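Asks: Attaching a single structure in structure tokens format; questions to follow.
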There are 2 protein chains.
Amino acid sequence: MSDSPTNTLNTWVEVPKNSDFTIYNLPFGVFQNKRLSPRIGVAIGDKIVDLSVLDQEGFFSDMFLPEGVFLNESLNELIGLGKVITRKIRERVQDLLLEDNEKLRDHSARGKVMVNRKEATMLLPVKIGDYTDFYSSLEHAANVGKMFRDPENALLPNWKHLPVGYHGRASSIIASGTPIIRPKGQMKNPESNTLVFGPSKKLDFELELAFITGKSTKLGDSVSTADAEDYIFGFVLFNDWSARDIQAWEYVPLGPFLGKNFASSISPWVVTLEALEQFRETGPPQEPEVMSYLKCDKPHSFDIQLEAYIQPEEEKSSKVCSSNFKDMYWNVAQQLAHHTVNGCNINVGDMMASGTISGKERDSFGSMLELSWNGSEVVKLESGTERKFIEDGDTVLMRGFAEKNGVRVGFGELKTKVLPAK
Amino acid sequence: MSDSPTNTLNTWVEVPKNSDFTIYNLPFGVFQNKRLSPRIGVAIGDKIVDLSVLDQEGFFSDMFLPEGVFLNESLNELIGLGKVITRKIRERVQDLLLEDNEKLRDHSARGKVMVNRKEATMLLPVKIGDYTDFYSSLEHAANVGKMFRDPENALLPNWKHLPVGYHGRASSIIASGTPIIRPKGQMKNPESNTLVFGPSKKLDFELELAFITGKSTKLGDSVSTADAEDYIFGFVLFNDWSARDIQAWEYVPLGPFLGKNFASSISPWVVTLEALEQFRETGPPQEPEVMSYLKCDKPHSFDIQLEAYIQPEEEKSSKVCSSNFKDMYWNVAQQLAHHTVNGCNINVGDMMASGTISGKERDSFGSMLELSWNGSEVVKLESGTERKFIEDGDTVLMRGFAEKNGVRVGFGELKTKVLPAK
């Protein structure tokens, strides 16, 4: 793979300007269409490379892959083969797509290999074992603390000593394009302070990234920050849907439950760690000094621009915030080292989300809770429509991309429509 | 099945006095031994009925079961067939074991069907999708509140309005017999109030029961209290291992994480809801009145006696507490109705634990945290050995059984040894 912008890669595939899916990216996903059963592909431009056909045509024959590994309904078996193999597969695909390489370009099966992305339905890319959500943006944690606790002591005492996290619900993680239904539940009526039951009135998104593990550990073993990235296959956009009113009433003392577990949405293309390599950065300074098991020898932050949009029914979408993954206080290596320091085991296909990614400025806050300051202010959309939280019929879109020296690596779109409560 | 004690059932299998595994029980589990690969069996006395052999011999041929359903390494496929089928299977086994039924008793394959329990290794009975832990014992919640918050207002405001719960880690749920390793982590040194890293000094058990779901829902759907038991296949003993010092430092504001996710242990035999039918009871009164989605038309509590024992290395075991599942404030139907009222979906093989089951009296407290009142008092074992929390080399045992009118239905043993930190 190329780390250097001077080593420009060109492909024979037509890649639209500003496409997230360049020759430098090549994310993995699971797709189907009217003719094709679920299978694994790699995105480039407006096309999907059908890896199962490439495999049938013998393009991976030297790798001795398990039969049908690309005909799975999830990436789990594939990524469980390990990084040495998945990296080789991605490099092979990249090589085959290079402008001067005629092997696939001039092959009779080319038409069968290259599937139109528009005609494909993307499925949930992994069968998720356990899902963990962290809380690793200092600005987000401080905003929540200012709103609900003490503005002078917004961060709780543990926050700068460990990456706070909690377990979430894996069953309700859904693919982009699947609508969600507004959840019902118990909440306090803010006027009367009485307890009521009904549809949430404070439905919110959280702009997050999540990583997917590609390697297991045994119960009792720990992963060091130095080894952590060996366990990370790649990243997706993550919308941690939240019902703030349900959450506020239920969460003491054991954390969020029904305020979160009705749905989380993820983007369908898993961007590999390798594709993000050239966007690696040093994260914010950590003061006080962290414990030794959380210290890092190299940078583990990534310069990924994130955006959230609201699209009311029959209106166009408006960007409501943008933030950057590199500003996260706790990085992915620290999250994984912390998660396993007590011997907690991980499996291939676990998902670990970052927590809401907020920046310092108002327009970089990654949730409506923060953007409307818990409903005390309105967020204006381009059409003039106003929002405090998410309304029925709204579609929330998220985008994420890294861009540097003319190289773009993006996540595509995460899109979820909100349907009224049942 | 017999609900009436007058309808006594006798079996040709020798069942020792006080056996948990009577002809009235017939729990399902997954076992293997030196000769046999993993398979599904039913326990009776000191024997296991190998259901895969029964199936091969045609004893279920009228049920048209999927081929090899009893040769799975988990119960998931079997229980996913639905209660109509699993109830029929259990009734068939019960019928075959009746004293006067010669079909299996005098069959040439009898020796192959009946496996010695002593020679079998029990595996984790289900592949667990999502795991939820509730907090449904009023006495436990009040004890924790008295210790760490306000003795005058021990219960938090939400506690009597909803069954508080949180998501736990499914990957680290292990079968009885698998040792655990003392977890390490960040904690406050209570003397100096400084932050330290090291092995937990407050390792604790929690005496719980858990139910396993046998039916799925779609995202967006809810399960009523009236329908809830259709979704519950059966119960196991559950030891929710906890590191109190790690938990105390980390849990604000998002709940327990590393203080819990290093391990939870379960008993291997899943006692079906049908076997517990005759031990059904009305739970404690609920005041204030609960919301309508939490109201129940019939009793959903069960009179199950629970016990925890500590066995230090080279000593005999001492009972440290006993409590009863029927005293739980929130019942299983309410837990499941609450869990799904927001549309959260459940899958076959989800596990939902009760939370620590404590009673009113000191000797009925279901954790060392309560028994030693957070280490301020000692718990004396029979040998004279004293404990505040669980020490390296200790084995914690849990037992549970229902007994009425000469009928006994028990869970067998849940046994876990604690190894020193790595």
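Asks: Could you say which residue among A:G45, A:G68, A:G82 is at positive phi and touching a strand residue (DSSP E or B) at 6+ places or on another chain (Cβ under 8 Å)?
Replies: A:G45
Asks: Please work out which one of (1) outside any strand (DSSP E or B); (2) surrounded by 14 or more Cβ atoms within 10 Å (Cβ to Cβ) is the condition B:T132 fails and give its number.
Replies: Checking B:T132 against (1) outside any strand (DSSP E or B); (2) surrounded by 14 or more Cβ atoms within 10 Å (Cβ to Cβ), the one that fails is (1).
Asks: Shifting gears a bit: Quick one: in region A:370-421, which of the residues that are charged (D, E, K, R) and closer than 30 Å to A:N10 by Cβ is surrounded by the most Cβ atoms within 10 Å (Cβ to Cβ)?
Replies: Here the answer is A:R399.
Asks: List pairs: first residue in region B:179-196 and touching a residue at least 24 places away in the same chain (Cβ under 8 Å) and closer than 13 Å to B:D245 by Cα, second residue among the polar types (S, T, N, Q) and assigned to a strand (DSSP E or B) anywhere in the structure, Cβ distance under 9 angstrom, at least six positions apart or on different chains.
Replies: B:L195/B:Q186
Here's the yes/no breakdown for (1) over 30 Å from B:I48 (Cβ atoms); (2) of a type outside the set (V, I, T); (3) crowded, with 24+ Cβ neighbours inside 10 Å; (4) within 14 Å of chain A (Cβ to nearest Cβ):
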| position | (1), (2), (3), (4) |
| --- | --- |
| B:P285 | yes, yes, no, no |
| B:P288 | yes, yes, no, yes |
| B:K298 | yes, yes, no, no |
| B:K316 | no, yes, no, no |
| B:D327 | yes, yes, no, no |
| B:V332 | no, no, yes, no |
| B:N347 | no, yes, no, yes |
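Asks: Here's a follow-up. May I ask you to list the residues in region B:204-213 that are away from every other protein chain (no Cβ under 11 Å) and either part of a strand (DSSP E or B) or at pLDDT below 95 (or both)?
Replies: Within region B:204-213, B:D204, B:E206, B:L207, B:E208, B:L209, B:A210, B:F211, B:I212 meet the criteria.
Asks: Which residues, counting only those in region B:214-255, are surrounded by fewer than 24 Cβ atoms within 10 Å (Cβ to Cβ), in a loop (DSSP other than H, G, I, E, B), in contact (Cβ under 8 Å) with a residue 40 or more places away in the chain and facing chain A (nearest Cβ under 7 Å)?
Replies: B:L219, B:G220
Asks: While we're looking at this one, here's another question. Within region B:155-177, count every residue that is within 7 Å of chain A (Cβ to nearest Cβ) and among the charged types (D, E, K, R).
Replies: Looking only at that region, the number is 1.
Asks: Which number in (1) in a loop (DSSP other than H, G, I, E, B); (2) in contact with an Asp or Glu (Cβ under 6 Å, 6 or more places away or on another chain) marks the one condition that B:I346 misses?
Replies: (2) is the only condition that B:I346 fails.
Asks: A further question on this structure: Suppose we filter region A:55-95 for residues that are part of a helix (DSSP H, G or I), hydrophobic (A, V, I, L, M, F, W, C) and more than 21 Å from A:I232 (Cα to Cα); how many remain?
Replies: So the count comes out to 2.
Asks: A further question follows. In region B:368-394, how many are assigned to a loop (DSSP other than H, G, I, E, B), of a type in the set (D, E) and touching a strand residue (DSSP E or B) at 6+ places or on another chain (Cβ under 8 Å)?
Replies: Total satisfying the criteria: 4.
Asks: Here is a further query. With respect to the numbered conditions (1) under 18 Å from the mean Cα position of the chain (by Cα); (2) within 14 Å of chain A (Cβ to nearest Cβ); (3) assigned to a loop (DSSP other than H, G, I, E, B), which one is the sole condition not fulfilled by B:S265?
Replies: B:S265 satisfies every listed condition except (3).
Asks: Which condition from (1) crowded, with 20+ Cβ neighbours inside 10 Å; (2) within 14 Å of another protein chain (Cβ to nearest Cβ); (3) not aliphatic (A, V, I, L, M); (4) not in a helix (DSSP H, G or I) is the one that A:P125 breaks?
Replies: (2)
Asks: Any residue in region B:54-76 that's over 20 Å from B:L123 (Cβ atoms): show its pairings with residues that are in a loop (DSSP other than H, G, I, E, B) at Cβ separation under 6 Å, as long as the two are six or more apart or on different chains.
Replies: These pairs meet every condition: B:E57/B:A109.
Asks: So A:N143 fits all but one of (1) in the same structural domain as A:S37 (by TED's automatic domain parsing); (2) in contact (Cβ under 8 Å) with a residue 40 or more places away in the chain; (3) in contact with a helix residue (DSSP H, G or I) (Cβ under 7 Å, 6 or more places away or on another chain); (4) not β-branched (V, I, T); what number is the exception?
Replies: Only one criterion is unmet by A:N143, namely (1).
Asks: Could I ask something else about it? Let me spell it out: the conditions are (1) of a type outside the set (V, I, T); (2) more than 23 Å from A:H161 (Cβ to Cβ); (3) in contact (Cβ under 8 Å) with a residue 12 or more places away in the chain; (4) buried (at least 17 other Cβ atoms within 10 Å of the Cβ), and B:L203 meets all of them except one. Which number is the exception?
Replies: So the condition that B:L203 fails would be (2).
Asks: Restricting the search to region B:395-422, which residues are within 14 Å of chain A (Cβ to nearest Cβ) and part of a strand (DSSP E or B)?
Replies: Residues satisfying the conditions are B:T416, B:K417, B:V418, B:L419.
Asks: Would you please name the residue that is nearest to the chain's Cα centre (by Cα), looking only at residues in region B:136-153 that are aliphatic (A, V, I, L, M) and closer than 16 Å to B:Y251 by Cα?
Replies: Only one residue tops the list, namely B:A141.
Asks: Separate question: Just to check your reading of the model, which residue among B:G375, B:G412, B:G366 is over 28 Å from B:V164 (Cα atoms) and either assigned by TED's automatic domain parsing to the domain that holds B:G165 or not aliphatic (A, V, I, L, M) (or both)?
Replies: B:G412
Asks: Among the listed residues B:K112, B:K103, B:K146, identify the single one that is modelled with pLDDT of 95 or more, surrounded by fewer than 21 Cβ atoms within 10 Å (Cβ to Cβ), outside any strand (DSSP E or B) and within 14 Å of another protein chain (Cβ to nearest Cβ).
Replies: Unique residue meeting the criteria: B:K146.
Asks: Can you tell which of A:S19, A:S74 is assigned by TED's automatic domain parsing to the domain that holds A:V115 and hydroxyl-bearing (S, T, Y)?
Replies: A:S74
Asks: How about region B:178-201: which of its residues are of a type in the set (A, V, I, L, M, F, W, C) and either within 7 Å of chain A (Cβ to nearest Cβ) or within 22 Å of B:C344 (Cβ to Cβ) (or both)?
Replies: B:I181, B:L195, B:F197
Asks: Within region B:349-367, which residues are assigned to a loop (DSSP other than H, G, I, E, B), away from chain A (no Cβ under 14 Å) and under 16 Å from the mean Cα position of the chain (by Cα)?
Replies: B:I357, B:S358, B:G366
Asks: What number goes with the only condition from (1) under 27 Å from A:K184 (Cα atoms); (2) over 16 Å from the mean Cα position of the chain (by Cα) that A:Y309 does not pass?
Replies: A:Y309 satisfies all of (1) under 27 Å from A:K184 (Cα atoms); (2) over 16 Å from the mean Cα position of the chain (by Cα) except (2).
Asks: If you don't mind, another one. If you take the residues of region A:102-121 that are out of contact with any strand residue (DSSP E or B) (no Cβ under 9 Å at 6 or more places or on another chain) and of a type outside the set (K, R), which of them is farthest from A:R35 (Cα to Cα)?
Replies: A:E102
The values are calculated or read from the model by the stated rules, or taken from the named source; none is laboratory data. Just so it is clear, the structure is predicted and the values come from calculations on it, not from any experiment. Neighbour counts are summed over all protein chains in view; Cβ atoms, including those assigned to glycine, are modelled from backbone coordinates with ideal geometry.
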